[in-house]
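S.K.: Below: one structure in structure tokens.
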């Protein structure tokens, strides 16, 4: 993690009650917002610009950059470096671009730091669980057990000199979905900055980068929604120059026989992680907060907070399965979360 976490303080002043669905809503002259879909998620960009043409140019550069990253790092698209690594599992190493090698290396570092709670080889379980509405799938225990042995980041062989990646076992696969999207948000913000725009927000799904000043010249104000009631705003954040990522059991899920199954898998069991309802991470870059939100969710409140407290420049708010809130020292709380609905 040393090479990933930048040791800088967070500029955060907020009362955080619950972190779940994060959104920013603006309707003011000089602020321009565009929404689209890319990398399998909803992308929203808000910038402060003097002219609409400047905002449009920034938006176009962001879309191009994120599409470029998807073409490098998607495990779902044929012909990408990552899909080639997966195709060659158990056969031989694959040379990948420097950028891809870096993200895979970072993913392995976070896998190590979290004791495997975040495991980039989670994709070895792909296809067993389906969360598409109307096409949900709950695998049998035998199916899960049959794939579980393929999930182990320690079976990834990285050669820094040759920039090759090798998966030791046939059937293994890596998936960068819980880290590459955060990296793409960081790259998107750099594209915006290179266009001369200093004040902006980029949000892709549960990952957000907030840069510069808000419309009133102070911090950006970000609303926080209750994951059990999307129409209820529970709190606001006042933030600047910080990344925020949220993972929750409400994102992709289904209920069967009274049990909630969600997409955040515990790599050690092959089943959805239990004990946590929502995790929000604040940190210096979105690549880091993206991966850590998954790792902490799987670790659970006690172990997850232990990991966060070992990292400088990172803060967390964890809502456990009973609705209790656990926060790191840099976040102050003023209320409790809404109770679970029957």
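S.K.: Looking at the range 239-247, can you tell me whether even one residue there is touching a strand residue (DSSP E or B) at 6+ places or on another chain (Cβ under 6 Å), at pLDDT below 90, assigned to a strand (DSSP E or B) and assigned by TED's automatic domain parsing to the domain that holds residue 315?
M.R.: yes
S.K.: Another question about this same structure. Restricting attention to strands (runs of 3 or more DSSP E) lying wholly within the range 248-291, give those where 2 or more residues are assigned by TED's automatic domain parsing to the domain that holds residue 207 and surrounded by 24 or more Cβ atoms within 10 Å (Cβ to Cβ).
M.R.: Where strands (runs of 3 or more DSSP E) fall fully within the range 248-291 and carry at least 2 residues being assigned by TED's automatic domain parsing to the domain that holds residue 207 and surrounded by 24 or more Cβ atoms within 10 Å (Cβ to Cβ), they are 276-283.
S.K.: Check off (1) at pLDDT below 95; (2) buried (at least 16 other Cβ atoms within 10 Å of the Cβ); (3) within 22 Å of residue 287 (Cα to Cα) for residue 77 and give me the number that stays unchecked.
M.R.: Among (1) at pLDDT below 95; (2) buried (at least 16 other Cβ atoms within 10 Å of the Cβ); (3) within 22 Å of residue 287 (Cα to Cα), the lone unmet condition for residue 77 is (2).
S.K.: Taking the options 202, 157, 151, 210, name whichever one is in the same structural domain as residue 115 (by TED's automatic domain parsing), part of a strand (DSSP E or B) and at pLDDT 85 or above. Steps first, answer last, please.
M.R.: Working: 202 fails: in the same structural domain as residue 115 (by TED's automatic domain parsing); 151 fails: part of a strand (DSSP E or B); 210 fails: in the same structural domain as residue 115 (by TED's automatic domain parsing).
Only one candidate qualifies: 157.
S.K.: Looking at the range 309-316, can you tell me whether even one residue there is assigned to a helix (DSSP H, G or I) and touching a strand residue (DSSP E or B) at 6+ places or on another chain (Cβ under 6 Å)?
M.R.: First, the residues of the range 309-316 that are assigned to a helix (DSSP H, G or I): 309.
Those still in the list that are touching a strand residue (DSSP E or B) at 6+ places or on another chain (Cβ under 6 Å) too: none.
The answer is no; no qualifying residue exists.
S.K.: If you don't mind, another one. Residue pairs, Cβ under 6 Å, 6 or more apart or interchain, first in the range 295-306 and within 12 Å of residue 248 (Cα to Cα), second in a helix (DSSP H, G or I). List them.
M.R.: Pairs that qualify, where the first residue is within 12 Å of residue 248 (Cα to Cα) and the partner is in a helix (DSSP H, G or I), are 296/304.
S.K.: Right, another one. In the set 4, 16, 38, which member is in contact with a helix residue (DSSP H, G or I) (Cβ under 7 Å, 6 or more places away or on another chain), crowded, with 20+ Cβ neighbours inside 10 Å and modelled with pLDDT under 95? Give the steps one after another, and end with the answer.
M.R.: Working: 16 fails: in contact with a helix residue (DSSP H, G or I) (Cβ under 7 Å, 6 or more places away or on another chain); 38 fails: crowded, with 20+ Cβ neighbours inside 10 Å.
Answer to the check: 4.
S.K.: Which members of the range 116-132 meet the condition of being touching a residue at least 40 places away in the same chain (Cβ under 8 Å) and outside any helix (DSSP H, G or I)? Don't jump to the end; show me each part of the working.
M.R.: Filtering the range 116-132 for residues touching a residue at least 40 places away in the same chain (Cβ under 8 Å) gives 116-126, 128-129, 131.
If the condition is that a residue be touching a residue at least 40 places away in the same chain (Cβ under 8 Å) and outside any helix (DSSP H, G or I), then 116, 117, 118, 119, 126, 128, 129, 131 are the ones that fit.
The values are calculated or read from the model by the stated rules, or taken from the named source; none is laboratory data. Everything quoted here is computed from the prediction, not taken from an experiment. Quick reminder, even Gly has a Cβ in these numbers, built from the backbone with ideal geometry, and neighbours come from all protein chains shown.
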